[in-house]
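Scroll down for the structure; my scribbles are underneath it.
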Amino acid sequence: MAEFGIVEEYDPLEMKMEVRNVDLFYGQHQALKGITLPFREQRITAIIGPSGCGKSTLLRCLNRMNDTIEGTRVTGHITLDGDDIYAPGTDVRALRRRVGMVFQRPNPFPLSIFDNIAYGPKVNGLKDKERLRHIVRTSLEGAGLWDDLKDRLDGAALDLSLGLQQQLCVARLLATKPEVILLDEPCSALDPISTLHIEELMRELSTQYTVVIVTHNMQQAARASDYTAFMLAGELIEYGTTAKIFTDPDSERTEAYVTGKLHRT
Amino acid sequence: MTSAPWEDGSDGREERGGRERDRQGRSHGSRRGGGLPRGGDSLAERSAIGLLWAAAISAVAVLGFIVVYVLWHGLPQLTPEFLLQSPSAMGREGGILPTIIGTVAVTAVGLIIAIPLGVGTAIYLTEYTRSEAVTAIIRFGAECLAGIPSIIFGLFGFLFFVIYLKMGWSLLSGGLTLAAMVLPTIIRTTEEAIKAVPLSHREVSLSLGATRWQTVTRAVLPTAMPGIITGVMLSIGRAVGETAAVIFTAGSSLRLPTSIFSPVRTMSVHFYILAREGISMPRAYGTAAVLVLLILAINFAAYWAMNRFVARRT
């Protein structure tokens, strides 16, 4: 991928995560082919591409969620602050606390709002009630939910609207104090207003966190991201600033996709 | 292009879809049948509905007849003395207190053994082993166990626990035998309940830094709990009414049990002996009535507990 000049282009100091020459196989099937991609600190990077292009798979490499799927094999290097997260002896639980994930469907536990957010800190050993309350509050504030939900923390999370449920999932993630936030098509189940809320929230989060979003919605990538990576059939086709990808891409295939002329491959 | 396992999105979606459908069903219930052309008027359609209705009614009618018949003959026997006294003259006189206690105790011993074993097996099968062969073998074993008549469990318990392990006729022998008998039910229902928990619960839990065990105990089991409770309740129902498996293993003593090694007589065994040996039919019906009422009470308690549990969590 050196022909895009990615590696030379950026300042290594501002890089939070880096994917270098990553191949991924599910059994015999190769889902990722030689991906090299940087994720800059406190920036929003969008990964776009048609369904099945491997963008979710790539995202799930960043917190090793693919480990849970039998027969998955990853080669190449993925680093977080310079450390290889696939190195033997890596503490996967610690990695997942640092690199948190919001999933495609809002998926709160069938618990109260409070218990949903306290879940992460609790499984990581925090028992102190006072500190849990504090974390729940700051996490809800971080996700822009405190004013809406402060009076119903004991209410069932599943009674919230889908949009609020997804924001709650973001709050639940913030409670584990992550450094990188991965969002896997977070708005695909949401209405346009909720989608805008999530995008505003992402912008807000990027002042503190490194954000990576996978989306099939190109307007969303164009509106809400700083950098965009375009993938096709397991390969990275182009990476650049969002403005460049959407207005003046180098690759014809990128241009075809962002202008809606490329539907399926 | 094969898509990754999580991309089909089938987990969770169905569950929530169900909730939404449910709500819509309730709020738009009055619109049913309006607008759409009705196809329910042909003869075949009407006779099918009639047959299904008849089948459903007769199923409930059989149950209702049994309950009413037993209570009709048994309820007149139910006095405070009958419930709170020990029997005398082999059960012709006095009450049935030791058999009530014996029934509850032997069932409790059985479940205390069967629940951890059964739930543990189910967790292992669903969450920890990916070996199809191991799962298939254990599952096949459980299925076979479920199909064995209870008298065979009684015989096995008698030969193995009572004679070979020298436990004698006792609460423990009876409880172990009942445990072996209800284990398949608990394993299968727990397995189904765990499998019904959306994959996303596990993924979220792991993504928040939880261990596998934490994921099982905090994210999976609480959601599966109503299903597990159902299985346990079915097992209690079966164990409480069981006769053949306990008559050989728990004995038929009419004394109050003092320890786990005491022999006991359960209500069903008492009923059997009273009726079979012609000691007293009215007393037999009285015993049966208490047993039926106990089973009904357990079922109502179970539904109440389950609804409370579900209401608190969702």
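Assorted remarks:
- Between 0 and 90 degrees, the angle of helix B:132-147 with respect to the longest Cα principal axis of chain B falls at about 40 degrees.
- From phi via Karplus (6.51, -1.76, 1.60), per-residue ³J(HN,Hα) for the stretch A:46-57 in Hz, x at Gly/Pro: 9, 10, 10, x, x, 4, x, 7, x, 5, 5, 4
- Per-residue average of Cβ from other chains inside 10 Å of B:221-231: 1
- Amide H contacts of A:L183: A:V102, A:V212, A:I213, A:V214, each under 5 Å away and 5 or more positions distant or on a separate chain (H built 1.01 Å from N in the peptide plane; Pro and chain starts excluded).
- Order of A:R131, B:R188 under a 10 Å beta carbon neighbour criterion, fewest first: A:R131, B:R188
- Three-way shape call for chain B based on the alpha-carbon gyration tensor, with the a/c threshold at 1.5: oblate
- Relative packing of peptides B:52-63, A:161-172 - highest average C-beta neighbours within 10 Å first: A:161-172, B:52-63
- Loop-resident chymotrypsin sites (Phe, Trp or Tyr not before Pro) (DSSP state other than H, G, I, E or B) in the stretch B:262-307 with no more than 10 further Cβ atoms inside 10 Å of their Cβ are absent.
- Around the amide H of A:E238, modelled in the peptide plane, lie the amide H atoms of A:F230, all under 5 Å away and 5 or more residues distant in sequence or on another chain.
- Mean projected area of the Cα convex hull of the stretch B:94-136, taken over all directions, amounts to 3.6 nm².
- Axis angle, to the nearest 10 degrees, between helix A:192-205 and the longest C-alpha principal axis of chain A: 90 degrees.
- Near A:R40, the amide H atoms lying under 5 Å from its own belong to A:K16; only residues 5 or more places off or on other chains count, and H is placed 1.01 Å from N.
- Candidates per trypsin sites (Lys or Arg not before Pro) in the stretch B:35-117, loop by DSSP, up to 12 other Cβ within 10 Å: B:R38, B:R92
- Averaged over the residues of A:101-113, the number of partner chain Cβ atoms lying within 10 Å of the residue Cβ comes to 6.
- Note on chain B: GNM, Cα springs under 10 Å; of B:S42, B:S88, B:S173, the largest mean-square fluctuation is that of B:S42.
- Across peptide B:209-216, the mean count of Cβ atoms from other chains lying within 10 Å of each residue's own Cβ comes to 5.
- By the rule of a C-alpha distance below 26 Å, with chain neighbours fewer than 8 residues away ignored, the lysines paired with B:K195 are A:K122.
- Protection proxy ranking of B:176-183, B:142-149, B:256-263 - average other beta-carbon atoms within 10 Å, highest first: B:176-183, B:256-263, B:142-149
- Annotation note: GluC sites (Glu not before Pro) in the stretch A:12-114 located in DSSP loop regions with a Cβ neighbour count of at most 13 within 10 Å are A:E70.
- The angle separating the long axis of helix A:129-142 from the principal Cα axis of greatest extent in chain A is about 50 degrees.
- For chain A, built as a Gaussian network whose Cα springs stay under 10 Å, the top-fluctuating residue of A:T75, A:T210, A:T228: A:T75
- Think of it as helices only: each DSSP H run of n ≥ 4 in chain B is worth -39500 (n - 2.57), and spread over all residues that comes to -22500 deg cm²/dmol at 222 nm.
Every read-out reported here was derived from the displayed coordinates using simple, explicitly stated rules and does not represent laboratory data. The model shown is predicted, which means the values in this text are computed figures rather than measured ones. Neighbour counts run over all protein chains shown; Cβ positions are idealised from the backbone, glycine included.
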